[in-house]
Amino acid sequence: MDDPRERIFREFMEKTEGHVNPKLLRRILDANADFTDWMIERHDLGKDYTFSPQFWGGFGPCAAYDWEYNHKRIDTTIGPGGTGWYLTNKLLGILLENGGAIRYRTKAEHLELDENGAICGVTVSDPGGKLHISCGACVIAAGAFSRNRELVDKFNPIFYKEGAEPVHIFTCATCTGDGITMGVEQGVDIDYVNARVGMFGPMRHPYGAAGFALCTSRHGVNVNKNGELRKPEPFGNAVSHLADEPGRVEYRIVNEATADRAEREAFGRPEDVPGCNMNPFYENWKAEFQQ
C-alpha cells in the first residue's frame, strides 16, 4: 500500500492555505508512523489488530480482541470497545508498568516558568485543594474545548448561530480547553483561523444499529425544513452544510421498502471489534424503530 503521508501533507497545506509550519506538519505525520511502529515492535500491537476492510471503506487496522462489553452493543459507532478505548487502556498499562502515575480528578490550572522562561512546573487543583508539581518537561494535551463557549466562539463563530436550534454537545464536561487557556496565559500564539470546530451534523441518531444503517445509506430523499431537496452529505466535512439550513435541521424521507433495502445492504458490514454482530438489529429494524 502507498505511504499516504505526502498526499495528506499536500491536502492539509492546501486546505490551510499554507498557514501552518510545514516542518512541524511533517514531524507530526512522521511521528504517527513512528508511534505505530513502536506499538507493534515493543508492545505487541500486532496481536490485537488485523489489517482488514474498514466500516467506512478501504483498509486499515481492525481490532482482533474480544471483550465482553462488545456483545452488548447495539451500534458499532457507540463506545467503549473500539480503537480509542483499546489504545487508552494499552497506553495506560505501558505507563504504569514503567513507573508512571496518574492523578485523577486533578485539573491543571497554571504553567510555572523558571527565570529563563522554561516550564518548571504546574499548579493543579484536586478535591484537597491546590498543589504544585515540579517537572523537567510538560506535554500540553488538554486542548479539547467543546465545553468552553468562549473558545468555541473564537474558533468557529457560526457554531452557536443566533436563532438556530440549541447545540447538544456529546463530549464530557471536562473538555474546557485547559491546555489552550494555560498556553494563552504564558503568551502562546493560538491560531484561531485555521484550527476549527468540526461541524459534522447530527452524529448521534435516536436509534441503534438499524437507525445508523438508514442514516448512512444512499436511499431516500433529504429535505430541509422548507421542503427543499438536499443532497446527502458525506461524513468528514469541516463545516456541515446544516450550519446554513433553516433551524439546522434536515430530514431523510423513506418508505418501508426503501428502509428495508437499506437494512439488507447493511448485512455483513465489517465489525470494528469482534463480538459486535449487528445483523440481528438490521433484520429486526421495525421493532427497533418502534422502541
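The values are calculated or read from the model by the stated rules, or taken from the named source; none is laboratory data. Note that the coordinates shown come from a computational prediction; the quantities given were computed from them, not determined experimentally. Quick reminder, even Gly has a Cβ in these numbers, built from the backbone with ideal geometry, and neighbours come from all protein chains shown.
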#### Entry: Test: Ala137 is aliphatic (A, V, I, L, M), under 30 Å from Leu242 (Cα atoms), in contact with a strand residue (DSSP E or B) (Cβ under 9 Å, 6 or more places away or on another chain) and part of a loop (DSSP other than H, G, I, E, B)
no
### Summary
The lone condition Asp126 fails out of (1) at pLDDT below 90; (2) touching a Lys or Arg at 6+ places or on another chain (Cβ under 6 Å) is (1)
